[in-house]
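What follows is a short report on a single structure.
The values are calculated or read from the model by the stated rules, or taken from the named source; none is laboratory data. This structure is a prediction, so every number in the text was calculated from the model and none was measured. Glycine also receives a Cβ, built like all others from the backbone with ideal geometry; neighbour counts cover every protein chain displayed.
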Amino acid sequence: MLGYASFEELAERNLEEEGYEPETPRREFKAKLEELGSVSGRESAWTRRDGSVLYIRENARAVRDESGCVVRYEGTIEDITDRKVAEQEAEALRAQLELTQYSIDSTDAVVLWALPDGRLIYVNEAACRMLGYERDELLDMAVWDIDADYPKERRHDAWEELKQVGSEVSESRFRTKDRRTFPVEITAQHLEFRGRELEFAVAFDTSERKRLEAQLRQSQRLESIGTLASGVAHEVNNPLTGIINYAQLIAERIEAPKLKEYASGIVEEGERVARIVRNLLSFSRRENEPHRPARMVDIVDASLSLCAALLRRDGIEIDIDVPENLPQIRCRSQEIQQVVINLLTNARDSLGLRSPARDGAKRIDIRARPLEEEGAWVRLTVEDNGPGIPPEVIGQVFDPFFTTKPRDQGTGLGLSISYGLVRDHGGRMRVESTPGEMTRFSVDLPQDGA
């Protein structure tokens, strides 16, 4: 076993000195052997003559003379190298499987196996985490129970298509336990394993990608609007300037009070149109301008110039309390203006649910105040007396693609984009709501120099 040619060659060696077994374990074994008299089944590793490892199982006893002194040790040694190597290989395989399982469970992708009839037979930890189910719950479900866009009646046709193509990539929506949905990209494969046909699928949450794509589309749309608005401004501003100038000349040269009043009205309305065009240009252009000091009253005025007429047309009363002497904020004005317009638009939609009629009962309050709370801030609040937000969904209003509006009226991106813009300015955005009474959004932005 040790690789020596003869007993005589081996008998010249010393177990401790030659390093067949490390000194300390061998010394401890001898002490235990002398204490107990005998030891059975001890396993250890020795070194063969050629340097390779020999695993052994040892039974030994200490032989004493009449005076009780140990005169020799005797026993048997069994070669268990094959068994030990097999155990080590099995342990390495178990460790590899555990690592594989850990990797699958640690990934952000949903991994699942399904039978041809749609039943799930394996899901990873990410599936449980993202869908909100326990593993046992998911293994009692089918593909269409979690895939909101997968009709049960299509399973046979979809399975046959997957068999023909082998693998396919598609987009869908997964439904969570609390009935929320989120977009996913699914890669599915048809596989055969031990005589069974299976579907192996990996699904990635694409909410963030969709949000970024939507922001890109919006940015491109706004860029197009800006280009169009620039062209319109050149065409409108020249005749508009002429109208204002002619009206001023008329007002200066005529004496009739009523006609003077009419001419002044033309000047006033012309200047209002010019202001709207300027604000539209500012809102539409998505320039990478630096943060500059700005007054909240100017941002609110610019926002209202674009949507106040629409609000009043719906019979919504607007109560504004934004003092001119508020501390300035440092921001990109057009981005904060976009946030204000989004809040006003959402308030208008909410009030439309309360009452589509012009009954005088619909109101939006716009307030701004300095806030000395954990620093120097300016807080803007937009409050409506609409039907409010149900408690079970209020925690999701800033989530991308979450909306309570019909699909043809909202994408669920407005508030998430607004939240991101406020956060990029070092600010914070909150919501409070009392069902049946009101909804209030608060935007806190750092004061300039804070």
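Here are some notes:
- Against the list (1) among the charged types (D, E, K, R); (2) within 25 Å of Val397 (Cβ to Cβ); (3) surrounded by fewer than 17 Cβ atoms within 10 Å (Cβ to Cβ); (4) modelled with pLDDT of 90 or more, the condition Glu168 fails is (2).
- Taking region 53-66 as the range and being under 19 Å from Val85 (Cβ atoms) and in contact (Cβ under 8 Å) with a residue 24 or more places away in the chain as the test, the residues that pass are Val53, Leu54, Tyr55, Ile56.
- Residue in region 125-138 that is closer than 15 Å to Leu198 by Cβ and surrounded by 12 or more Cβ atoms within 10 Å (Cβ to Cβ) present: no
- Residues that are surrounded by fewer than 12 Cβ atoms within 10 Å (Cβ to Cβ) and without any contact (Cβ under 8 Å) to a residue 24 or more places away in the chain were ranked within region 41-51; the one that is farthest from Glu12 (Cα to Cα) is Gly41.
- Asp298 passes every criterion in (1) at pLDDT 90 or above; (2) closer than 19 Å to Met438 by Cβ apart from (2).
- Arg154 vs. criteria in a helix (DSSP H, G or I) and under 30 Å from Ile417 (Cα atoms): no
- Selection from region 433-444 of residues that are out of contact with any helix residue (DSSP H, G or I) (no Cβ under 7 Å at 6 or more places or on another chain) and not β-branched (Val, Ile, Thr): Pro435, Gly436, Glu437, Met438, Arg440, Ser442, Asp444
- Within region 67-85, residues that are surrounded by 13 or more Cβ atoms within 10 Å (Cβ to Cβ) sit with their Cβ atoms under 6 Å from residues that are among the β-branched types (Val, Ile, Thr) and in a strand (DSSP E or B), at 6+ positions apart or across chains, in these pairs: Ile77/Ile56.
- Segments classed as helices (runs of 4 or more DSSP H), wholly inside region 1-114, with at least 1 members that are in contact with a Ser or Thr (Cβ under 8 Å, 6 or more places away or on another chain) and either at pLDDT 80 or above or not assigned by TED's automatic domain parsing to the domain that holds Thr187 (or both): 23-36
- Among residues of region 246-295, those that are at pLDDT 85 or above, surrounded by fewer than 16 Cβ atoms within 10 Å (Cβ to Cβ) and under 27 Å from Val422 (Cβ atoms), counted: 2
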